[in-house]
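Asker: Here it is: the structure, laid out below.
The values are calculated or read from the model by the stated rules, or taken from the named source; none is laboratory data. Since this is a predicted model, take the numbers as computed values, not measurements. Virtual Cβ from ideal backbone geometry, glycine too; neighbours counted across all protein chains shown. In case anyone asks, the SASA skips ligands and DNA or RNA and just uses the protein heavy atoms, side chains included. Shrake-Rupley method; radii C 1.70, N 1.55, O 1.52, S 1.80 Å.
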Amino acid sequence: MLKSQTFFGRCLMSDYIILVKQVPDVSQITDNAFDPETGTLVRTRLASVINELDTQALAFANYMKKISGDGDGKIIALTMGPPMAEEILRYSLSRCADKVVLLTDRALGGADTVATANPLAFAVRKIVKEILNNDNDYYVVTGMQSVDGDTAQVPPQMAEELGLPCITYVTDAEFKNNRFEFTRIISGGSQVVAARNPPAIITVAKYEYPLFATFAKTRWANETEVIRWASADIKATHIGVSGSKTSVIRVFPPGKSTRKCRQLSDVKSLAKALVESFKSGNGESGQGADDQRSRYVLPGRRASLLDRSFEGTKKEQEDYEFLADKLKELSITESSRINDAIKEKILTASRERFHKKALEDMINGFKLTEPTFKGEVWVVAEHSDGVVHPATFELVGKARNLADSLETKVGVCLAGYQVEPMTKELIAAGADNIYVIDDKLLDVFDPTAHRKAVADAIRTYWPQIVLYAATPQGRMLAPMVSYRVGCGLTADCTGLDIRDGSRTGLIGILLQTRPALGGNVMATIRTKNSKSQMATARPGVMKRIPPDPSRKGKVIKHKVELSEDDVSLEIIKTELGTGDVNFNAEVIVSGGKGMQSRDNYELLVDLLCAALSKKLDTRIERGASRAAVEQGFTERAHQVGQTGTSIGPKLYVALGISGAIQHMIGVANTETIIAINSDPNAPIFKQCDYYIVGTVEDTVPQLVEALEES
Ligand SMILES: Cc1cc2nc3c(=O)[nH]c(=O)nc-3n(C[C@H](O)[C@H](O)[C@H](O)COP(=O)(O)OP(=O)(O)OC[C@H]3O[C@@H](n4cnc5c(N)ncnc54)[C@H](O)[C@@H]3O)c2cc1C
């Protein structure tokens with residue numbers, strides 16, 4: 001069919017713009033990649049490769065082109081990066097791209113996700129205008145996230161800039177009724193959706209059919225022109241450091257795992273470890289990453305206005321400590337008494353620890369008592385079928401701590417249809433005000449309708465902090481909302497603290513700490529150039545506070561004008577786990593893709609469950625990884641993890657599970673984790689307490705025997 005042919009007035013054949021990114025190769029980290037003094041990973045010491053998920057996006061776009069039967073659709077790869085990023089464009093050409101565009105300019109460097117999404121969106125506009133001749137039938141396809149940032153924020157932020165629907169975490173596509181239907185991962189299951197009105201942005205979570213380059217294609221790729229655009233060519237509005245809305249204030253090595261990570265050489269020792277761990281129980285959950293330092297107190301509430309013990313970085317903290325000691329020696333108790341002579345004395349004593357200007361700034365910092373941001377601390381609630389997502393309750397608990405420190409209220413933004421019955425539980429969990437946006441068009445989660453509703457409420461009330469759960473839904477909604485209201489956003493935080501930056505005039509700001517570079521470094525980030533500080537937080541890390549049904553709160557109705565045009569997706573099918581699964585059991589035995597078959601899963605998991613139940617005299621439940629569920633080894637209700645159930649048993653036994661972050665998030669609160677895996681380098685071995693290297697087929701029956709004999 002020719003590209004110009006239409007069906008019901010719309011062109012049927014699409015073009016594809018693939019976003020690719022050059023990233024450090026975190027799969028090949030050697031010891032010399034770390035700075036010996038700070039222990040921090042030095043990015044430049046790693047080789048650069050194409051982001052693995054972007055190679056899958058390329059193959060996925062090629063697959064979309066194939067199933068649509070369109071031989072004429074163009075595939076254009078786009079990247080923003082240094083001149084050497086040309087390499088990954090040649091890679092793209094050698095696989096399936098017809099044309100490639102390199103957006104390269106020093107002015108674009110140092111960008112956060114806003115200042116990345118914005119120029120990329122402007123480049124997409126230019127591609128559509130100049131290369132696709134204003135043909136608006138296209139899809140932007142990209143990996144769900146890049147391995148260096150792990151934020152997954154750029155595609156939804158681009159969607160917001162371009163006014164397009166965004167379909168995230170896609171795993172499959174079908175071409176039916178002259179349109180694409182996408183299967184995507186959602187909390188609790190999967191969903192088939194179509195964009196009501198393409199163009200659309202698609203992010204690929206998994207597509208395991210790689211493309212290979214032929215000799216002829218590689219040669220052609222090396223000879224083909226790379227189109228180069230600089231910042232001035234695209235006229236973006238937010239670029240580089242100045243266009244960014246967050247800044248990294250500290251990078252540090254991740255803390256040592258609280259897990260034992262002990263390899264056992266035989267099943268007898270494993271049986272012993274299983275029984276002893278269950279019986280003794282360490283009583284603690286493994287993660288506890290959000291271990292808040294001492295609880296923040298506003299400067300005006302401290303014993304002295306010269307007390308600056310809540311500075312955000314170690315250096316600032318030490319500088320203020322030094323200054324406080326000197327002032328004490330000089331018997332100064334008020335900043336108004338610090339005259340030029342005193343300053344001179346301090347500078348001399350400091351032996352160039354700080355210069356005059358820095359000292360002046362620190363002294364000015366003493367005058368500040370009011371928080372830099374004003375307003376409530378908000379949580380955007382996630383819910384389905386009238387049930388609030390557990391991660392929302394965890395965030396309300398965290399928001400309560402933050403709001404108490406800042407002496408403000410906790411608000412929850414609850415958008416949906418007939419949602420008021422949920423308000424009671426949210427108030428009991430720690431909320432003061434529930435902002436209810438009730439509309440039939442919000443009945444099921446649609447990213448554009450929901451982002452319009454939530455953004456409208458934020459613009460009306462301007463909370464100082466907005467927290468979202470880092471679930472697939474939250475990681476899609478938060479970037480759209482934050483971009484829409486012009487605020488910075490930090491993804492997937494594992495630590496949230498209130499601190500000061502008195503020297504730079506910042507009081508009571510939110511410090512957002514998160515893993516980056518595949519968990520090899522931690523970064524603490526703050527929001528800038530924004531009216532509100534926003535973050536998504538990893539489920540299972542923040543602590544829910546015990547519900548208090550006697551708490552009182554207010555329900556505030558907020559009306560937002562919505563129409564059918566605000567709904568971007570047609571939901572064709574939703575598959576959610578159902579069934580009677582008791583994840584409150586003390587022991588959970590889970591099987592992963594390594595179980596190889598449903599028969600194996602049923603045989604081996606049941607065998608071990610029966611042996612453990614007899615030995616430990618407790619109820620045991622069966623769990624599974626998402627991959628095992630997708631393979632049909634067991635039902636969806638048994639899935640453990642980010643999009644399954646988060647569990648916290650005394651004992652978790654993982655059979656043939658690799659240890660992907662989305663799985664491990666769900667078991668973070670387990671007391672003891674035991675793993676059996678045939679791969680000696682399985683990532684789960686660095687995140688468990690005891691493990692044995694071996695196949696499940698051999699090890700599980702031997703372990704059962706050892707349990708019976710012990
Ligand atoms: C948005 C999103 C949400 C997600 N949510 C979840 C979630 O909630 N839960 C979840 O689990 N995943 C989730 N995933 C998927 C996750 O990224 C991984 O793909 C998944 O956890 C892998 O499952 P697995 O470990 O069983 O399979 P694999 O990663 O394929 O690992 C199989 C393991 O089995 C081992 N093995 C193979 N054969 C044997 C044998 N004979 N004996 C012993 N070991 C063997 C291998 O060495 C390997 O380590 C999500 C992904 C995305 C993108």
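Asker: Can you find a residue that is free of Cβ contacts under 8 Å to residues at least 60 places away in the same chain and more than 16 Å from the ligand (Cβ to nearest atom) anywhere in region 87-98?
Answerer: Among the residues of region 87-98, at least one is free of Cβ contacts under 8 Å to residues at least 60 places away in the same chain and more than 16 Å from the ligand (Cβ to nearest atom), which makes the answer yes.
Asker: Which residues, counting only those in region 654-692, are of a type in the set (Val, Ile, Thr) and either touching a Gly at 6+ places or on another chain (Cβ under 9 Å) or at positive phi (or both)? Show your work before the answer.
Answerer: Initially, region 654-692 is screened for residues of a type in the set (Val, Ile, Thr), giving 657, 661, 665, 667, 670, 672-674, 676, 684, 692.
Within region 654-692, Ile657, Ile661, Ile665, Val667, Thr670, Thr672, Ile673, Ile676, Ile684 meet the criteria.
Asker: State whether one or more residues within region 583-591 are assigned to a loop (DSSP other than H, G, I, E, B), within 14 Å of the ligand (Cβ to nearest atom) and either in contact with a Lys or Arg (Cβ under 6 Å, 6 or more places away or on another chain) or not small (Gly, Ala, Ser) (or both). Walk me through it before giving the result.
Answerer: Step one: filter region 583-591 for residues assigned to a loop (DSSP other than H, G, I, E, B), giving 583-586.
From what's left, within 14 Å of the ligand (Cβ to nearest atom): 583.
Narrowing the set further to residues that are either in contact with a Lys or Arg (Cβ under 6 Å, 6 or more places away or on another chain) or not small (Gly, Ala, Ser) (or both) leaves 583.
Among the residues of region 583-591, at least one is assigned to a loop (DSSP other than H, G, I, E, B), within 14 Å of the ligand (Cβ to nearest atom) and either in contact with a Lys or Arg (Cβ under 6 Å, 6 or more places away or on another chain) or not small (Gly, Ala, Ser) (or both), which makes the answer yes.
Asker: Okay, moving on. Regarding region 438-445, can at least one residue be identified that is open to solvent by less than 10 Å² (accessible area, probe 1.4 Å) and within 22 Å of Gly386 (Cβ to Cβ)?
Answerer: Going through region 438-445, the residues open to solvent by less than 10 Å² (accessible area, probe 1.4 Å) turn out to be 442.
Add one more test, that the residue is within 22 Å of Gly386 (Cβ to Cβ), and what stays is 442.
Within region 438-445 (the criterion being open to solvent by less than 10 Å² (accessible area, probe 1.4 Å) and within 22 Å of Gly386 (Cβ to Cβ)), the answer is yes, since at least one residue qualifies.
Asker: While we're on this one: I need the full set of residues from region 505-545 which are part of a loop (DSSP other than H, G, I, E, B), under 24 Å from Thr643 (Cα atoms) and of a type outside the set (Gly, Ala, Ser), in order please. Talk me through it step by step, then tell me what you get.
Answerer: The initial filter retains those residues of region 505-545 that are part of a loop (DSSP other than H, G, I, E, B), namely 505, 520, 528-532, 538-545.
Going one step further and asking which of them are under 24 Å from Thr643 (Cα atoms), we end up with 520, 538-545.
Correct list: Asn520, Arg538, Pro539, Val541, Met542, Lys543, Arg544, Ile545.
Asker: Conditions first: (1) touching a Leu at 6+ places or on another chain (Cβ under 6 Å); (2) of a type in the set (S, T, N, Q); (3) at pLDDT 95 or above. Thr168 passes all but one, so which condition is the exception?
Answerer: The single condition Thr168 does not satisfy is (1).
Asker: Take the residues in region 666-691 that are assigned to a strand (DSSP E or B) and out of contact with any Lys or Arg (no Cβ under 8 Å at 6 or more places or on another chain), then tell me which one is farthest from the ligand (Cβ to nearest atom).
Answerer: At the first step, the residues of region 666-691 found to be assigned to a strand (DSSP E or B) are 672-677, 690-691.
Keeping just the survivors that are out of contact with any Lys or Arg (no Cβ under 8 Å at 6 or more places or on another chain) gives 674-677.
Values: Ile674: 13, Ala675: 9, Ile676: 6, Asn677: 4 Å.
Ranking the candidates gives Ile674 first.
Asker: Continuing with the same structure: Quick one: in region 637-665, which of the residues that are open to solvent by 30 Å² or more (accessible area, probe 1.4 Å) and in a helix (DSSP H, G or I) is nearest to Lys686 (Cα to Cα)?
Answerer: Within region 637-665, the match that is nearest to Lys686 (Cα to Cα) is Ile661.
Asker: Does Ser335 qualify as being open to solvent by less than 50 Å² (accessible area, probe 1.4 Å) and in contact with a helix residue (DSSP H, G or I) (Cβ under 8 Å, 6 or more places away or on another chain)? Lay out the reasoning, then the answer.
Answerer: Values: open to solvent by less than 50 Å² (accessible area, probe 1.4 Å): yes; in contact with a helix residue (DSSP H, G or I) (Cβ under 8 Å, 6 or more places away or on another chain): yes.
Spelling it out, Ser335 is indeed open to solvent by less than 50 Å² (accessible area, probe 1.4 Å) and in contact with a helix residue (DSSP H, G or I) (Cβ under 8 Å, 6 or more places away or on another chain).
Residue-by-condition table, conditions (1) assigned to a helix (DSSP H, G or I); (2) open to solvent by less than 60 Å² (accessible area, probe 1.4 Å); (3) at pLDDT below 95:
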{"position": "Gly240", "(1), (2), (3)": "no, yes, no"}
{"position": "Val248", "(1), (2), (3)": "no, no, yes"}
{"position": "Lys268", "(1), (2), (3)": "yes, no, no"}
{"position": "Glu284", "(1), (2), (3)": "no, no, yes"}
{"position": "Arg295", "(1), (2), (3)": "no, no, yes"}
{"position": "Ser309", "(1), (2), (3)": "no, yes, yes"}
{"position": "Glu316", "(1), (2), (3)": "yes, yes, yes"}
{"position": "Ser331", "(1), (2), (3)": "no, no, yes"}
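Asker: Between a residue in region 50-67 that is without any contact (Cβ under 8 Å) to a residue 60 or more places away in the chain and any residue that is open to solvent by 20 Å² or more (accessible area, probe 1.4 Å), which pairs come within a Cβ distance under 6 Å, given they are 6 or more apart or on different chains?
Answerer: Short answer, once both residue conditions are applied: Ile50/Tyr91.
Asker: List the pairs whose first member sits in region 583-612 and is buried (at least 23 other Cβ atoms within 10 Å of the Cβ), whose second member is of a type in the set (Phe, Trp, Tyr) and modelled with pLDDT of 95 or more, and whose Cβ atoms are under 6 Å apart, counting only residues at least 6 apart or on separate chains?
Answerer: Ile588/Tyr652; Gly591/Tyr601; Met595/Tyr601; Met595/Phe633; Tyr601/Phe633
Asker: Of the residues that sit in region 459-484 and are over 18 Å from Asp112 (Cα atoms) and among the aromatic types (Phe, Trp, Tyr), which one is least open to solvent (accessible area, probe 1.4 Å)?
Answerer: Step by step, filter region 459-484, then rank; the result is Tyr468.
Asker: Another question about this same structure. Could you tell me whether any residue of region 487-497 is open to solvent by 10 Å² or more (accessible area, probe 1.4 Å) and within 16 Å of the ligand (Cβ to nearest atom)?
Answerer: Yes, region 487-497 contains at least one residue that is open to solvent by 10 Å² or more (accessible area, probe 1.4 Å) and within 16 Å of the ligand (Cβ to nearest atom).
Asker: Considering only residues that are open to solvent by less than 70 Å² (accessible area, probe 1.4 Å) and either modelled with pLDDT of 90 or more or β-branched (Val, Ile, Thr) (or both), which ones fall in region 350-370? Steps first, please.
Answerer: Here is the first cut: in region 350-370, the ones open to solvent by less than 70 Å² (accessible area, probe 1.4 Å) are 350, 354, 358-363, 365-366, 368-369.
Across region 350-370, the qualifying residues are Ala358, Leu359, Glu360, Asp361, Met362, Ile363, Gly365, Phe366, Leu368, Thr369.
Asker: Still on this structure, please answer the following. Out of all the residues in region 613-627, which are open to solvent by 10 Å² or more (accessible area, probe 1.4 Å), touching a helix residue (DSSP H, G or I) at 6+ places or on another chain (Cβ under 6 Å) and either more than 27 Å from Pro680 (Cα to Cα) or near the ligand (Cβ under 10 Å from one of its atoms) (or both)? Steps first, please.
Answerer: Applying the first criterion (open to solvent by 10 Å² or more (accessible area, probe 1.4 Å)) to region 613-627 yields 613-622, 625-627.
Then keep just the ones that are touching a helix residue (DSSP H, G or I) at 6+ places or on another chain (Cβ under 6 Å); that gives 615-616, 620, 622, 625, 627.
Hits for region 613-627 are Lys615, Leu616, Ile620, Ser625, Ala627.
Here's the yes/no breakdown for (1) aromatic (Phe, Trp, Tyr); (2) within 16 Å of the ligand (Cβ to nearest atom); (3) modelled with pLDDT of 95 or more:
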residue: Val193; (1), (2), (3): no, yes, yes
residue: Asn197; (1), (2), (3): no, no, no
residue: Ala200; (1), (2), (3): no, no, yes
residue: Thr214; (1), (2), (3): no, no, yes
residue: Thr218; (1), (2), (3): no, no, yes
residue: Lys256; (1), (2), (3): no, no, no
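Asker: Being touching a residue at least 40 places away in the same chain (Cβ under 8 Å), buried (at least 21 other Cβ atoms within 10 Å of the Cβ) and charged (D, E, K, R) narrows it down to one of Glu181, Glu160, Glu208, so name that one. Walk me through it before giving the result.
Answerer: On the way: Glu181 fails: buried (at least 21 other Cβ atoms within 10 Å of the Cβ); Glu208 fails: buried (at least 21 other Cβ atoms within 10 Å of the Cβ).
Exactly one of Glu181, Glu160, Glu208 is touching a residue at least 40 places away in the same chain (Cβ under 8 Å), buried (at least 21 other Cβ atoms within 10 Å of the Cβ) and charged (D, E, K, R), namely Glu160.
Asker: Identify, please: which residue in region 109-141 is open to solvent by 10 Å² or more (accessible area, probe 1.4 Å) and within 17 Å of Val23 (Cα to Cα) and is, among those, nearest to the ligand (Cβ to nearest atom)?
Answerer: The qualifying residue nearest to the ligand (Cβ to nearest atom) is Thr113.
Yes/no matrix, rows are residues, columns are (1) within 30 Å of Thr578 (Cα to Cα); (2) not aromatic (Phe, Trp, Tyr):
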{"residue": "Lys328", "(1), (2)": "no, yes"}
{"residue": "Ile332", "(1), (2)": "no, yes"}
{"residue": "Glu344", "(1), (2)": "no, yes"}
{"residue": "Thr348", "(1), (2)": "no, yes"}
{"residue": "Phe366", "(1), (2)": "no, no"}
{"residue": "Thr372", "(1), (2)": "no, yes"}
{"residue": "Val377", "(1), (2)": "no, yes"}
{"residue": "His383", "(1), (2)": "yes, yes"}
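Asker: Quick one: which of Ala470, Ala478, Ala455, Ala491 is more than 25 Å from Phe252 (Cβ to Cβ) and not aromatic (Phe, Trp, Tyr)? It would help to see each step written out before you state the result.
Answerer: Working: Ala470 fails: more than 25 Å from Phe252 (Cβ to Cβ); Ala478 fails: more than 25 Å from Phe252 (Cβ to Cβ); Ala491 fails: more than 25 Å from Phe252 (Cβ to Cβ).
Exactly one of Ala470, Ala478, Ala455, Ala491 is more than 25 Å from Phe252 (Cβ to Cβ) and not aromatic (Phe, Trp, Tyr), namely Ala455.
Asker: Restricting to region 628-657, and then to whatever is among the aliphatic types (A, V, I, L, M) and within 20 Å of the chain's Cα centre (by Cα), can you tell me which residue is nearest to the ligand (Cβ to nearest atom)? Give the steps one after another, and end with the answer.
Answerer: Going through region 628-657, the residues among the aliphatic types (A, V, I, L, M) turn out to be 628-629, 637, 640, 647, 651, 653-655, 657.
Now drop any that are not within 20 Å of the chain's Cα centre (by Cα), which leaves 640, 647.
On the way: Val640: 6, Ile647: 11 Å.
My answer is Val640.
Asker: Filter region 546-584 down to the residues that are among the aliphatic types (A, V, I, L, M) and at pLDDT below 95 and list them by number. Reasoning before the result, please.
Answerer: Step one: list which residues in region 546-584 are among the aliphatic types (A, V, I, L, M), which gives 555-556, 560, 562, 567, 569, 571-572, 576, 581.
The answer is Leu576, Val581.
Asker: From the list Asp135, Asp148, pick out the single residue that is part of a loop (DSSP other than H, G, I, E, B) and in contact with a Gly (Cβ under 9 Å, 6 or more places away or on another chain). Spell out how you get there, then give the answer.
Answerer: On the way: Asp135 fails: in contact with a Gly (Cβ under 9 Å, 6 or more places away or on another chain).
Going through Asp135, Asp148 in turn, the sole match is Asp148.
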